[in-house]
Ligand code: DP6
């Protein structure tokens, strides 16, 4: 598929108004997207677990403009209050996708959004937020254009979400989602995420993700700036081919439930992501002392107990601890006894593999 396939045919009848609500989950990447080309094209392929409880709920209300013009018009409310600081990002997003959802200019949009995770948890809401908004726009398209298949609906929602935030294209459907063209996965695309098409062992199908909230403040360097620093990065080419390689190597690991090999790839990906930050120019560090304390404790715990717990990181200081459901109770004890002390205000979020976005 190409971009052109997402430009709708002309439409004649426009509803006066409407309202739709979607809840979209966050996701955690196993192979990381870090570096991009123009138009939100990833520099390398990635794969993620869709999460369950960490989610954004967005209501989109649309009302026909009295007088047609070609301006984007919207109001945004975050947790019930107007949120001016979000406006530029939404404006850029709507401008970027205008060609694919041309009817937005015929309406004034009211966007109301809220997150399931604590307000300032330091958890990026751009993935779930952009996914929820993209899904609302697709429901709007469905009302205007009539029948579209479920497959096309999800594919275009992912395509639109990507134009808001790259990782958001992996927050539409559940399970394991892959994004970015790569030879080892036929059907993979730079334009949208797809459901991982190969066998996945049951151990991964209810995997747990406990998010240890190490630092809840604003990040010093945004993901967008970080991605851009991969241009002219001395290790970029090596890193990009490593991501292709890791995706290929994950295939038998995911099929066989090989947790030992899984852990090696996932932890290496997390540390490589941060190594790219450490070696960018300008260089930066998003991990905090407690991030490293937690990583060391996870390693010690694994060594001592042989339990298959591992960590991954996103572009921040928080640690995502991944493990099979069968050891949830003992891991929970470990968190209470050893890890909570390293979390800001003792906070963490228990999450797990989810089934994807839902229409409310
Ligand atoms: C480290 O999707 O937040 O979480 O496309 O600029 O919005 P933009 O970036 P974003 O980058 C996420 C990077 C990451 C890795 C990942 O999720 O794959």
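Only the coordinates and a few stated rules stand behind these numbers; no lab work does. This is a predicted model, so every value here is computed, not measured. With ideal geometry, Cβ positions are generated from the backbone for all residues, glycine too; neighbour counts draw on all protein chains shown.
Between the Cα long axis of helix 126-145 and the first principal axis of the chain there is an angle of about 30°, rounded to the nearest 10.
Relative contact order of the range 1-82: what whole-number percent is it, with Cα pairs under 8 angstrom and at least 6 residues apart?
Details: 84 pairs, mean separation 25.7, N = 82.
Averaging sequence separation for qualifying contacts and normalising by length gives 31 percent for the range 1-82.
Relative contact order, percent, of the chain when contacts are C-alpha pairs under 8 Å separated by at least 6 residues?
On the way: 723 pairs, mean separation 85.6, N = 360.
This gives 24 percent for the chain.
Restricting to the chain, compute how many DSSP beta bridges are antiparallel as a %, nearest 5. Percent antiparallel among DSSP bridges in the chain is about 90.
Looking only at 153, 62, 86, which one moves most when the chain is put into a Gaussian network model with springs between Cα atoms under 10 Å? Result: 86 has the largest fluctuation of those listed. Taking every DSSP beta bridge that has both ends in the range 3-199, the antiparallel portion is near 85%.
Can you tell me how much longer the chain between residue 341 and residue 296 gets when fully stretched, taken as 0.36 nm per residue apart minus their C-alpha distance, in nm with one decimal? Please report the intermediate quantities before stating the final value.
Working: separation 45, 0.36 × 45 = 16.20 nm, distance 1.38 nm.
Net length gain for the segment: 14.8 nm.
Among 350, 206, 314, the ranking by other beta carbons within 10 Å of each residue's beta carbon, starting with the fewest, stands as 206, 350, 314.
Using only the Cα atoms of the chain, build the gyration tensor, take square roots of its eigenvalues as a ≥ b ≥ c, and label the shape rounded, prolate or oblate: rounded if a/c is under 1.5, else prolate if a/b is larger than b/c, else oblate. Don't skip to the answer; put the middle values down first.
Numbers: a/c = 1.76, a/b = 1.60, b/c = 1.10.
Prolate shape, in that a/c is at least 1.5 and a/b is the bigger ratio.
Let me make sure I get this right: for the range 170-262, a, b and c are the square roots of the gyration tensor eigenvalues over alpha carbons, sorted descending. Under 1.5 in a/c it's rounded, otherwise prolate if a/b > b/c, else oblate. Which is it? List each step's numbers first, then the result.
Values: a/c = 1.76, a/b = 1.25, b/c = 1.41.
Because a/c hits 1.5 or more and a/b fails to exceed b/c, the range 170-262 counts as oblate.
Please work out whether the range 205-352 counts as rounded, prolate or oblate from its C-alpha gyration tensor, where a ≥ b ≥ c are the square roots of the eigenvalues and a/c under 1.5 means rounded, while otherwise a/b larger than b/c means prolate and anything else oblate? Note, shape of the range 205-352 comes out oblate. Counting only alpha carbon atoms, the long axis of helix 289-305 and the longest principal axis of the chain meet at about 60°.
For the chain, with a Gaussian network of springs between Cα atoms less than 10 Å apart, report the residue from 42, 324, 118 with the top mean-square fluctuation. Taking springs between Cα atoms under 10 Å, the residue moving most is 118. Counting only the Cα atoms, the range 254-320 fills a convex hull of 83 Å³ per residue.
How would 343, 136 line up from fewest to most surrounding beta-carbon atoms within 10 angstrom?
Details: 343 21, 136 25.
Going from least to most buried by this count: 343, 136.
The helix-only estimate of mean residue ellipticity at 222 nm for the chain, built from DSSP H runs of length n ≥ 4 each weighted as -39500 (n - 2.57), is -10500 deg cm²/dmol after division by the residue total.
Over the chain, with a Gaussian network built from C-alpha contacts below 10 Å, which listed residue (134, 261, 243) shows the highest mean-square fluctuation? Of the options given, 261 has the highest mean-square fluctuation.
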